[in-house]
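The values are calculated or read from the model by the stated rules, or taken from the named source; none is laboratory data. Quick caveat: nothing in here was measured; it's all calculated off a predicted structure. Neighbour counts are summed over all protein chains in view; Cβ atoms, including those assigned to glycine, are modelled from backbone coordinates with ideal geometry.
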Amino acid sequence: MNDAEPFVLTPIDRLRFMVIDDDRAMLELIDAMLRMVGVGSVMKAANCLTALNVLADQRKKVDCIICDHSMPNMTGLQLLQEIRAARYAHVPRDIAFIMITAHGQEAVVKAAINLDVSGYIVKPLRKDALIKAIHRAFAKPIALKPPEDYSGVALPPDDA
């Protein structure tokens, strides 16, 4: 993300978020930050598989996923790749997706960019960085590539 990009404010009071993190303290922190700024709603999941079960419920609409990268069973990058590659019919391929990670390793950042991540935040998480990432994610719609392009993106090892 470039600081020279125009900054567009998004009305977030109607937005619905899905926060995914296996660290309960981080999950609660992100939830509290979002509620402090008055978002529409927040759903939480301790891992990507639980999140997918919630997202499968057509009555529960989500506008933005905020997801940790390093998690057991399925990483945030794996989830993003599967969404962009149209693996889940019930999740829009162009959903805003903000990745949160404890590190900014080049391989992880590069894969996230190739998967058209909407935002990327390196911990420690600050409320202003989270809000800025949300506004930027909604200010710039994704120009989706064909699903097979996303399927072909090489992901770094889980410990990257």
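Scanning for something aliphatic (A, V, I, L, M), part of a loop (DSSP other than H, G, I, E, B) and touching a His at 6+ places or on another chain (Cβ under 9 Å), does segment 126-145 turn up at least one residue? No. No other residue among Ala112, Ala154 is exposed (fewer than 15 other Cβ atoms within 10 Å of the Cβ), small (Gly, Ala, Ser) and modelled with pLDDT of 90 or more apart from Ala154.
Cβ-Cβ contacts under 8 Å between residues 6 or more apart (or on different chains), taken from a first residue in segment 12-41 that is free of Cβ contacts under 8 Å to residues at least 24 places away in the same chain and within 15 Å of Ile121 (Cα to Cα) to a second residue that is in a loop (DSSP other than H, G, I, E, B) and not acidic (Asp, Glu), are listed as Leu27/Ala46. Looking for something closer than 21 Å to Asp13 by Cβ, surrounded by fewer than 18 Cβ atoms within 10 Å (Cβ to Cβ) and in contact with a strand residue (DSSP E or B) (Cβ under 6 Å, 6 or more places away or on another chain) - is there at least one such residue anywhere in segment 121-134? The answer is yes; a qualifying residue exists. Candidates Leu77, Leu29, Leu9: the one that is at pLDDT 95 or above and either closer than 22 Å to Ile142 by Cβ or surrounded by 19 or more Cβ atoms within 10 Å (Cβ to Cβ) (or both) is Leu77. Of the numbered criteria (1) in contact with a Lys or Arg (Cβ under 9 Å, 6 or more places away or on another chain); (2) aromatic (Phe, Trp, Tyr); (3) outside any helix (DSSP H, G or I), the one Tyr120 fails is (1).
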